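Participant: Below is the structure I would like to discuss, written out as structure tokens.
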Amino acid sequence: MYRHRLVIAGLILSLFIMLGVSQVSYASTPVLNPPTGSLPSISYWVNPDQHYTITTTEWQNFFKDVIDNNTYVTFNWTKNTTQDLIIFDLSYTGLNPYGLQIVVSLSKIGFPTVQNMTLAFNQTKNLPSQISGYTNIQALDAGAYPGFSWSVPITNNVNITYEKYGVIVILALSVVVLYYIFNRKK
């Protein structure tokens, strides 16, 4: 009988471990530091004889007029001090994959005005992001950085909510089961 209890306890422990593994991915998010100063200037070529440079001013206008504009992005990025990570890498010295998509698209359009950067944004918004199962715009609307696979959407996903309730129910049921297994009178 004691062996039977150990097997059941082992099965329940295995279930806890499997549920906990899904939560480990949240722990791999790096520390996000705000930018230290001005944003890097990024140069790109439009044709073999013509190139442009996107300066801090153009980047700031892009964030203000596109990313912070709820006509384009529904998530409120304005209060996020690390919103520049939407385009830049963690060191704020280069581009992440999504930022590279924007610049490549812009290189087919021309000078980095807000209007042209908006066109580049619209051309890349439905491309797959680095976040599995999300397009760039879906990631941005969910509060995630589309250029980083570790980024987790902030907005409540119905499946995540059900998963959390499921974990609570399983924990409660396992406590009840363990109570009756180990406290039965012989």
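Read-outs throughout are calculated quantities, based only on the coordinates presented, and are distinct from any laboratory measurement. All values reported here derive from a predicted model rather than from experimental measurement. In this analysis, Cβ positions are derived from the backbone assuming ideal geometry, glycine residues included, and neighbour counts consider all displayed protein chains.
Participant: Ratio of segment 39-141's C-alpha Rg to 2.2 N^0.38 Å, to two decimals?
Facilitator: Working: Rg = 12.9 Å, N = 103, 2.2 N^0.38 = 12.8 Å.
So segment 39-141 has a normalised radius of gyration of 1.01.
Participant: For K64, give me every one of the aspartates and glutamates with a C-alpha distance below 20 angstrom, ignoring sequence neighbours fewer than eight places off in its own chain.
Facilitator: Candidates past the 8-residue exclusion: D84, D89, D141.
Participant: Let me ask something additional. Cα to Cα, under 19 Å, and not fewer than 8 places away if on the same chain: which aspartates and glutamates meet these conditions relative to K108?
Facilitator: Straight-line reach from K108, under 19 Å: D49, E58.
Participant: A further question on this structure: Taking the Cα atoms of segment 102-183 alone, what are Rg (to one decimal) and Dmax (as a whole number) in Å?
Facilitator: 21.6, 75
Participant: Going by average Cβ neighbours within 10 Å, how do the peptides 136-145, 93-102 rank, with the highest at the top? Working shown, then result.
Facilitator: On the way: 136-145: 21.6, 93-102: 18.5.
Sorting 136-145, 93-102 by mean packing, highest first, produces 136-145, 93-102.
Participant: Can you sort Y44, Y92 by how many other beta carbons sit within 10 Å, fewest first?
Facilitator: Numbers: Y44 15, Y92 18.
In order of increasing Cβ crowding within 10 Å: Y44, Y92.
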